[in-house]
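These notes are about the structure you will find just below.
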Amino acid sequence: MSIQNTVSSWEEVLETARKNTSARRVKRTGQSPSTAPIPSSLHKLPPNTQPPVLLYRDTNSWCPFCERVWFALEEKEIPFATEFIDLTNKPKWYTDLVPTTLVPAAKIEGELVYESKDILLALEEKYPHPALLPENPEENVVARQLVEEAETNGFRDIAYKFLREAPVDADELANLQVAFEAKLDEVEQALAKYPGPYFVSTFSLVDILYSPHLDRLAANLPVYRGYHLKGNPRFPRINAWFDALNQRPAYHRVKSDNITNNLLLRRRWGVEPIANPLPLDVADSEKIQYRAEASERLSDNREVAIADVIKNSGVQAIAADGDFTTVKDAVDFHLRQLADYLIHGNGATLPGGRTGGKNSSIDPIFAAVGAITFAYLRNRICAPRDMSAGAATAFRAAIDKLLTSVY
């Protein structure tokens, strides 16, 4: 039997995956990104009706300010459409449209609003239910003040200075850490003003404003500064806030995963890691809904994935006599193997030598293509651009298992 026939066909994998996840995306053939999330509330629109909100955002889903707006739209269940803007080559129509030329921007029932805080407040005014500001007048004033302070209190400035700037000496780094911790103390104190885990008595715009930045810091700091925010006994309320946020479905739709956040910091800002990456979340990696979503995404978007691997991973360099057909077949098989394993292989022990190894009869070039393909994809996947953070975690964990068990 040919090795290519030892795993399920793409069609079989896709059918099984879709039975285990409701996650779907819109294909954007020939565009970047190649797929786009379907807003959870889009089904509420009558047929042939345009969504009331058009969100302009970055193509890579890296921008924390765009994430804020997306988070609010999902929480408020407002149907919306998305226009992706390439930040490295912004179209002239966009720079003419938006005075700052920055993302995000939004058209809310035809009216242009830009700057994430202003968009959030405009959405709250236009669509007051469900509310993301307290109904109690006194608490509403407090929340609005916290919204303003989230933008003006200097928390982001000192946090990212501590994270991104290479210090001249250890004393400078220590001083930056002290200043950063003082700001975290202020956040901790703000979270103590009301019962419950949020900044005010209910989940609000204040939580949305802080969420993308604290998420990124929690992922980046252990790897690049050896500093842990999650699990730090100095900040129990911040940790309770993270736990509460983790219970919100909208949060899981818009958040990134730790590896995406860490790779972005290194690629975008040139910061060098000083510690190992945080371990993958075992619980997420084993949940069938996340494994199925990852499999569905890979199966449904396989042509783009295969083309990306062949073009950018370096596998072409090992093609014998320029035989790219063999390389493409090998990439196709290994991606199919990964998609199949995500669905059927949870907890399974992989047989050594199945696609490589010293005792294998498999062509070493075929096996080498597989190893390169898996290693490339592990750091290529971007959450939530390509799939949710939970699915990305399951995806990377499956690749780790395949690499360590087979090669």
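The values are calculated or read from the model by the stated rules, or taken from the named source; none is laboratory data. Everything numeric in this text was worked out from a predicted model, so none of it was measured. Cβ placement follows ideal geometry from the backbone for every residue including glycine, while neighbour counts extend to all protein chains displayed. Please note that ligands, DNA and RNA were not included when accessible areas were found on the heavy atoms of the full protein model with its side chains. Shrake-Rupley method; radii C 1.70, N 1.55, O 1.52, S 1.80 Å.
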Study note, to complete from the structure: Note to self: C-alpha centroids of the range 148-197 and the range 366-399 sit apart, in Å, by 33
Revision key, fill the gap. Partnerless cysteines (no other Cys beta carbon under 4.7 Å) identified across the chain are CYS382
Study note, to complete from the structure: FRET efficiency (THR326, ASN232; Cβ distance; R0 45 Å; to 0.05) is 0.30
Review point. Taking H as built 1.01 Å from N, whose amide H comes closer than 5 Å to the amide H of TYR198, not counting residues under 5 places away?
Key: none
Exercise for review: For ASP169 and GLN316, compute 0.36 nm times the residue count separating them, minus their Cα-Cα distance, and round to one decimal in nm.
Suggested key: 48.5 nm
Review point. Counting other Cβ atoms within 10 Å, which GluC sites (Glu not before Pro) in the range 141-200 have at most 14 and lie in a DSSP loop?
Key: GLU165
Review point. Rounded, prolate or oblate: which fits the range 18-77, taking a ≥ b ≥ c as square roots of the Cα gyration tensor eigenvalues, rounded meaning a/c under 1.5, else prolate when a/b beats b/c?
Key: rounded
Exercise for review: Using the charge dipole of the range 71-142 (Lys, Arg: +1 at Cβ; Asp, Glu: -1 at Cβ; taken about the Cα centre), state which of LEU120, ALA105, VAL141 has its Cα farthest towards the positive end.
Suggested key: ALA105
**Study point:** Cβ-placed point charges (K, R +1; D, E -1), dipole of the chain about Cα centre in debye, nearest 20
**Key:** 840
Practice item. Mind checking which of ALA240, ALA392, ALA317 is farthest towards the positive end of the chain's charge dipole, using Cβ charges of +1 (Lys, Arg) and -1 (Asp, Glu) about the Cα centre? Key: ALA317
Exercise for review: Using the heavy atoms of the protein chains and a 1.4 angstrom probe, tell me the accessible area per residue for the chain in square angstrom.
Suggested key: 47
Point to revise | Debye intensity ratio in log₁₀ form over the Cα atoms of the range 1-132, taken at each q of 0.09, 0.15, 0.21 Å⁻¹ | key: -0.35, -0.79, -1.31
Exercise for review: Determine the dipole magnitude for the range 112-171: charges of +1 sit on the beta-carbon of Lys and Arg, -1 on that of Asp and Glu, nothing else is charged, the reference point is the Cα centre, and the result goes in debye to the nearest 20.
Suggested key: 220
Exercise for review: Grab the DSSP H runs of the chain that are 4 residues or longer, score each as -39,500 (n - 2.57), total them, divide by all residues and round the 222 nm result to the nearest 500 deg cm²/dmol.
Suggested key: -17000 deg cm²/dmol
Review point. Can you give the charge dipole size of the range 129-228 about its Cα centre, rounded to the nearest 20 debye, using +1 on the beta carbon of Lys and Arg and -1 on the beta carbon of Asp and Glu?
Key: 280
Study note, to complete from the structure: Per its Cα gyration tensor (rounded if a/c is under 1.5, else prolate when a/b beats b/c, else oblate), the chain is best filed as prolate
Exercise for review: Would you mind checking LYS27/LYS92; LYS19/LYS328; LYS44/LYS193; LYS19/LYS126; LYS161/LYS401; LYS107/LYS230 for any pair whose Cα atoms are more than 30 angstrom apart?
Suggested key: LYS44/LYS193; LYS19/LYS126; LYS161/LYS401; LYS107/LYS230
Exercise for review: Report the one residue of SER204, THR21, LEU263 whose Cα lies farthest in the direction of the positive end of the charge dipole of the chain (charges on C-beta: Lys and Arg +1, Asp and Glu -1; origin at the Cα centre).
Suggested key: THR21
Point to revise | In Hz, Karplus ³J(HN,Hα) per residue of the range 128-138 (6.51, -1.76, 1.60; θ = phi - 60°; x = Gly, Pro) | key: x, 10, x, 6, 10, 9, x, 6, 4, x, 5
Exercise for review: Can you bin the range 182-301 into rounded, prolate or oblate? Criterion: square roots of the alpha carbon gyration tensor eigenvalues sorted a ≥ b ≥ c, rounded for a/c under 1.5, prolate for a/b above b/c, oblate for the rest.
Suggested key: oblate
Point to revise | Choice from TRP269, TRP62, TRP241 showing the highest fluctuation, given a GNM over the chain with Cα pairs closer than 10 Å | key: TRP269
Review point. Does anyone have the angle between helix 64-75 and the longest principal axis of the chain? Alpha-carbon axes, 0 to 90°, nearest 10?
Key: 80
Check your understanding: Looking only at ALA81, ALA36, ALA244, which one moves most when the chain is put into a Gaussian network model with springs between Cα atoms under 10 Å?
Key -> ALA244
Practice item. Compute the convex hull volume of the Cα atoms of the range 115-198, divide it by the residue count, and report the result per residue in Å³ as a whole number. Key: 110
